[in-house]
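Asks: The structure follows.
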Amino acid sequence: MASIKEIRTRINSVDQTLKITNAMYLISSSKMRKARQQLNNVFPYFQKIQETIADILHHSGRVEHPLMEQRGGHRKVGYIVVTSDKGLCSSYNHNILKLAEEKLAQTPNFRLFVIGQVGRAYFAHRGIPVQEEFLYTAQDPTVTRARDISEEVTALFLNGELDEVHMIYTHMVSPLLIRPSVYQLLPLDINQFEYSEPEYSGGRYKRRVTYVPSAHKVMDKIVPGYLKGVVFGCLVESFCSEQNARMTAMDSSTKNARDMIRRLSLEFNRARQSAITQELTEIVAGSQQKIQRFNTPDSPSIQQIYMVQADGTMEAICPDVAQTATSPLL
């Protein structure tokens, strides 16, 4: 059994770890709420852009747009992999990197774009070339960073350096379920824009919108905004999934720490009780030995016993009384 000091040290160590994991749980919860609120604030804007594109495609017939060009042959595919900058988030990074490796293995000609320090270190260790790293994005997803990413991959697509662009991110289905997913960013798929007639309180109504100067010009302006919104949504979804995974991991760690402290406390009490019992046993055994030594026939007779008072004087004690006493003074 470990000593009392060792057990007390372990209890203090586990208690400090418990405080850290509990604080990380609260921080992750706060960050996830803020990110969700940020996404909800800009979602109506990007949703309206998507509805406008769907309306143009529905009423204007077939629209030829450079970002909708489907290319064949030996395609050059770009993958934007969204990982985290930090660890302690359970299997979040493992799952997304596993999916990324599967996609890269299926693509002979690929370009890799990495978001997050974990992904950068992972691919560098594996010797997989990275086209570009978008630093300081995973922990702070903003519309500005999403615009920078979308503009760069769009330029590569228009220049012919890329024929397809996919985002590999983590989709937060529910607080209890996160799933690594792949979303095709470029070329734009017409099937992504489902059109539905708008409704008023009185029911559906038919309308026709005239786009000035032309539907093609309007598309040129709003498609970059749509791509920016998709990238931003994927970044926020991944960030929320990361924080949710970290919350789950820290909550489990906190519970395990409490259980460990409970077990160590029981072990500490047992060790303390055992030490006290051993001390009492030694005291009783020592007293019995002294009594037996003075009660033997060969023990010398006690002529006189003196007791020292608090003031320094000495008082004689009767030998008969002293021989029958069981005080520790003997």
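The values are calculated or read from the model by the stated rules, or taken from the named source; none is laboratory data. As the structure is a prediction and not an experimental result, all values here were calculated from the model. All Cβ positions, even for glycine, are placed from backbone atoms using ideal geometry, and neighbour counts span all protein chains on display.
Asks: Among the residues of the range 289-296, is any at pLDDT below 90 and assigned to a loop (DSSP other than H, G, I, E, B)?
Replies: Within the range 289-296, one or more residues are at pLDDT below 90 and assigned to a loop (DSSP other than H, G, I, E, B).
Asks: What is the residue count in the range 90-122 for residues that are assigned to a loop (DSSP other than H, G, I, E, B) and touching a Phe, Trp or Tyr at 6+ places or on another chain (Cβ under 6 Å)?
Replies: Qualifying residue count for the region: 0.
Asks: Inspect the range 58-69 for any residue being within 23 Å of F157 (Cα to Cα) and touching a strand residue (DSSP E or B) at 6+ places or on another chain (Cβ under 8 Å) and give the result as yes or no.
Replies: Within the range 58-69, one or more residues are within 23 Å of F157 (Cα to Cα) and touching a strand residue (DSSP E or B) at 6+ places or on another chain (Cβ under 8 Å).
Asks: Still on this structure: Being touching a Lys or Arg at 6+ places or on another chain (Cβ under 9 Å) and closer than 30 Å to V236 by Cβ is the filter here, so list the residues in the range 1-30 that pass it.
Replies: Residues satisfying the conditions are M24, Y25, I27, S28.
Asks: Also, I was wondering about something else. For G87, which of the numbered conditions (1) of a type outside the set (S, T, N, Q); (2) over 19 Å from K228 (Cα atoms); (3) assigned to a helix (DSSP H, G or I) fails to hold?
Replies: The single condition G87 does not satisfy is (3).
Asks: If we keep just the residues of the range 123-170 that are part of a helix (DSSP H, G or I) and free of Cβ contacts under 8 Å to residues at least 60 places away in the same chain, which is nearest to R75 (Cα to Cα)?
Replies: Looking at residues that are part of a helix (DSSP H, G or I) and free of Cβ contacts under 8 Å to residues at least 60 places away in the same chain, I get A155.
Asks: Could you grab me the full set of residues in the range 64-112 that are surrounded by 15 or more Cβ atoms within 10 Å (Cβ to Cβ) and either more than 37 Å from the chain's Cα centre (by Cα) or among the small types (G, A, S) (or both)?
Replies: Residues satisfying the conditions are H65, M68, G78, S84, S90, A100.
Asks: Restricting attention to the range 6-18, does a residue exist that is of a type outside the set (S, T, N, Q), touching a residue at least 12 places away in the same chain (Cβ under 8 Å), closer than 30 Å to L176 by Cβ and surrounded by 16 or more Cβ atoms within 10 Å (Cβ to Cβ)?
Replies: yes
Asks: Do we find a residue being part of a strand (DSSP E or B), surrounded by fewer than 20 Cβ atoms within 10 Å (Cβ to Cβ) and at pLDDT below 85 anywhere in the range 211-218?
Replies: no
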